[in-house]
1. Working carefully through the options Pro74, Pro134, Pro64, Pro129, find the one that is within 24 Å of Glu150 (Cα to Cα) and touching a Leu at 6+ places or on another chain (Cβ under 7 Å).
2. If Ile168 passes every condition in (1) under 21 Å from the mean Cα position of the chain (by Cα); (2) farther than 18 Å from Ile66 by Cα but one, which one does it miss?
3. Between Leu32, Leu71, which is in contact (Cβ under 8 Å) with a residue 60 or more places away in the chain, at negative phi and open to solvent by 100 Å² or more (accessible area, probe 1.4 Å)?
4. Spot the failing condition for Leu54; the list is (1) under 24 Å from Val177 (Cβ atoms); (2) loosely packed, with under 11 Cβ neighbours inside 10 Å, and only one is missed.
5. Consider Gly95 carefully, then state whether it is over 16 Å from the mean Cα position of the chain (by Cα) and of a type outside the set (Ser, Thr, Tyr).
6. Under 6 Å between Cβ atoms, which residue pairs at least 6 apart in sequence (or on different chains) link something in segment 126-155 that is on the phi < 0 side of the Ramachandran plot and assigned to a loop (DSSP other than H, G, I, E, B) with a partner that is surrounded by 12 or more Cβ atoms within 10 Å (Cβ to Cβ) and aliphatic (A, V, I, L, M)?
7. Across segment 152-177, what is the number of residues that are of a type in the set (A, V, I, L, M), surrounded by fewer than 18 Cβ atoms within 10 Å (Cβ to Cβ) and under 15 Å from Leu128 (Cα atoms)?
8. Would you say Ser156 is in contact with a strand residue (DSSP E or B) (Cβ under 9 Å, 6 or more places away or on another chain) and more than 18 Å from Leu86 (Cα to Cα)?
Amino acid sequence: MKMETSKNSRVESTTNSDESINESTDIKSSELEYGVNDNPPWYLCIIFSLQHCLLSLGGTIGAPLIIASFLCIPNDETGNEAKAYLVGSVLVVNGICSFLQATFGTRLPILQGSSFAFLIPAISLLQLPHNQCPAVLNITSSTNEVLYDELTEDGSYATFDDVWTRRIRELQGALAVASVLEILIGATGLVGLMTKLFGPLVITTTISLIGIQLVSVAPDHAKYHWGVAFFYHVCFDDILSIHEERQSSLP
């Protein structure tokens, strides 16, 4: 009996030691370089913040550029000026929101950027019959501006600035009303009930529908320079594949 007991204890100790080694190996392989409560050196903080800004720059600038075509903004010199206003406004608002969030909100070093979740309802709003792009008239204004077949509030024909600014004001008003609804959902605690009602299947399907709707946007913007688009795609895939093969830890 003593012999069997000692053998069983040895087997159990060996099994426990193997399990502890495997657990420590798994934890070490999945361990991050820096956790939430860690303080990296100041020079790494500068590099990480620059990396964060550069990674979010594409999505931040991409959202207003996608909306621009639905605002009846053409791809010419005049349209580029309007796009510059859109991009500049988005960057300024993102900076203000990031400052408020990092100072008075969650106080996390997170950059507040444009959300692609609002693109689908925004595009749907801009595709309503009264927001269809008007035709260009063969007459000009007193200041030699091109006029469009759309009337302003004072009954005159609209200029280019009148056309796209009216649509952006309508879009901003719709987003403001939608944001009030989101605030009420978060303040009343309904978001907890909604997470119980909407499972992973509903969330996954919604995100997939957003991506499918934006599939046609990518080639429309990539057609201006397929070389850059292909280079970005290849580099992005290579970085992901190298990371998966090496299983390197990320900060």
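The values are calculated or read from the model by the stated rules, or taken from the named source; none is laboratory data. Small disclaimer: the values here were computed from a predicted structure and weren't measured. Virtual Cβ from ideal backbone geometry, glycine too; neighbours counted across all protein chains shown. Ligands, DNA and RNA are excluded from the accessible area calculation, which covers all protein heavy atoms including side chains. Shrake-Rupley method; radii C 1.70, N 1.55, O 1.52, S 1.80 Å.
1. Numbers: Pro74 fails: touching a Leu at 6+ places or on another chain (Cβ under 7 Å); Pro134 fails: touching a Leu at 6+ places or on another chain (Cβ under 7 Å); Pro129 fails: touching a Leu at 6+ places or on another chain (Cβ under 7 Å).
Going through Pro74, Pro134, Pro64, Pro129 in turn, the sole match is Pro64.
2. The one condition Ile168 does not meet is (2).
3. Details: Leu71 fails: open to solvent by 100 Å² or more (accessible area, probe 1.4 Å).
Every option except Leu32 fails the conditions.
4. Here Leu54 clears every test but (1).
5. Working: over 16 Å from the mean Cα position of the chain (by Cα): no; of a type outside the set (Ser, Thr, Tyr): yes.
Here the answer is no, as Gly95 does not meet what is asked.
6. Ser141/Leu147; Thr152/Ala158
7. Initial filter on segment 152-177 (of a type in the set (A, V, I, L, M)): 158, 163, 168, 171, 174-177.
Cutting the leftovers down to surrounded by fewer than 18 Cβ atoms within 10 Å (Cβ to Cβ) gives us 174-177.
Imposing the further condition that a residue be under 15 Å from Leu128 (Cα atoms) reduces the set to 174.
Matching residues across segment 152-177 total 1.
8. Details: in contact with a strand residue (DSSP E or B) (Cβ under 9 Å, 6 or more places away or on another chain): yes; more than 18 Å from Leu86 (Cα to Cα): yes.
It is true that Ser156 is in contact with a strand residue (DSSP E or B) (Cβ under 9 Å, 6 or more places away or on another chain) and more than 18 Å from Leu86 (Cα to Cα).
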